[in-house]
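Chemist: Sharing a structure below in structure tokens format, with a few things to ask.
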Amino acid sequence: MAIRIAPSILAADFTRLAEEADAVADAADMLHVDVMDNHFVPNLTVGLPVVESLVKNVRLPLDLHLGIAAPDLHAPRYAEAGAGSVTIHAEATITPVRTLRAIRAAGAQAGLALNPATPLEPYAELLGEVDTLLIMTVEPGFGSQELLDYVLAKVRRARAAVDRHRGFGRDVPLWLQVDGGVNERTIARCAEAGADAFVAGSAVYAAADPGEAVRALRATAEAARCRPAAV
């Protein structure tokens, strides 16, 4: 599979979101938007009105990451708003299958996110219901954190689980995404562990040229994917 890069606007200038989105539009695959409610995570960001505005005013499809306490209630509305992908947290959902199917029925790709301490194995059987499995490589809530190296072992196990699922006749992509601490120093390790979709915030928006930063990250990840994963 190809590499997918989704710059996170959590690190962008919120007073210039349309311009910040345009700065990466020719280099990135999606625009990552963290929706946080100050309940599930200790931060408050954007909600449905901002997402609806972004859908109308940016060129990239939106990759929504719902760090909220009631995703079963709200996630389908974000899909209906026109997001390209909507990811919910395993720790917050009560009815994951129903909610993931509702997201897909509303026209968006569906994703399931796991926090660093959340084990993969109880959710492996849900891979048939998702388009993206997101492994958090930091505790969610804030940008500019250091990648938690121990989570890479879970990324490797997730890669094996995803590959097994692809072997069961799945004919659409199933992305293995990492989010947190992804930068020019760490993206190679994430790719070697098996990730093929990457969320990067500060590594993109703190750069002098965000578009070139995305291209450099992609090149590094593509090169690393050609190497065997470290043990």
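The values are calculated or read from the model by the stated rules, or taken from the named source; none is laboratory data. Every value quoted in this text rests on a predicted model; they were computed, and no experiment measured them. Note: ideal-geometry Cβ built from the backbone for every residue, glycine included; neighbour counts use all protein chains shown.
Chemist: What is the number of the single condition among (1) surrounded by fewer than 20 Cβ atoms within 10 Å (Cβ to Cβ); (2) hydrophobic (A, V, I, L, M, F, W, C); (3) closer than 19 Å to Val130 by Cβ that Ala83 does not meet?
Modeler: (1)
Chemist: Then there is this: Contact list please: Cβ distance under 6 Å, first residue in segment 217-228 and more than 10 Å from Glu192 (Cβ to Cβ), second residue part of a loop (DSSP other than H, G, I, E, B), pairs at least six apart or on different chains.
Modeler: Note: pairs meeting the criteria are Arg218/Ile3; Glu222/Ile3.
Chemist: Something else about it: When both residues are 6+ apart or on different chains and their Cβ atoms are under 7 Å apart, which pairs have a first residue that lies in segment 27-53 and is free of Cβ contacts under 8 Å to residues at least 60 places away in the same chain and closer than 16 Å to Glu80 by Cα, and a second that is of a type in the set (Lys, Arg) and surrounded by fewer than 21 Cβ atoms within 10 Å (Cβ to Cβ)?
Modeler: Leu48/Arg77
Chemist: Inside segment 186-230, can you point out the residues that are over 15 Å from Arg4 (Cβ atoms), out of contact with any Ser or Thr (no Cβ under 7 Å at 6 or more places or on another chain) and in a loop (DSSP other than H, G, I, E, B)?
Modeler: Thr186, Ala206, Ala207, Ala208, Asp209, Cys226, Arg227, Pro228, Ala229, Ala230, listed by residue number.
Chemist: Being within 19 Å of Ala200 (Cα to Cα) and surrounded by 21 or more Cβ atoms within 10 Å (Cβ to Cβ), is that true of even one residue in segment 116-123?
Modeler: no
Chemist: Any idea which of Val86, Val51 is of a type in the set (A, V, I, L, M, F, W, C), under 17 Å from the mean Cα position of the chain (by Cα) and within 16 Å of Leu174 (Cβ to Cβ)?
Modeler: Val86
Chemist: Considering only segment 142-189, state which residues are small (Gly, Ala, Ser), closer than 25 Å to Val35 by Cα and at pLDDT 95 or above.
Modeler: Hits for segment 142-189 are Ala158, Gly180, Gly181.
Chemist: Can you pull out every residue in segment 133-150 that is outside any loop (DSSP other than H, G, I, E, B) and buried (at least 22 other Cβ atoms within 10 Å of the Cβ)?
Modeler: Matches in segment 133-150: Leu133, Leu134, Ile135, Met136.
Chemist: Let me ask you something else. Among the residues of segment 34-47, are any at pLDDT 95 or above, under 16 Å from Gln109 (Cα atoms) and β-branched (Val, Ile, Thr)?
Modeler: No, segment 34-47 contains no residue that is at pLDDT 95 or above, under 16 Å from Gln109 (Cα atoms) and β-branched (Val, Ile, Thr).
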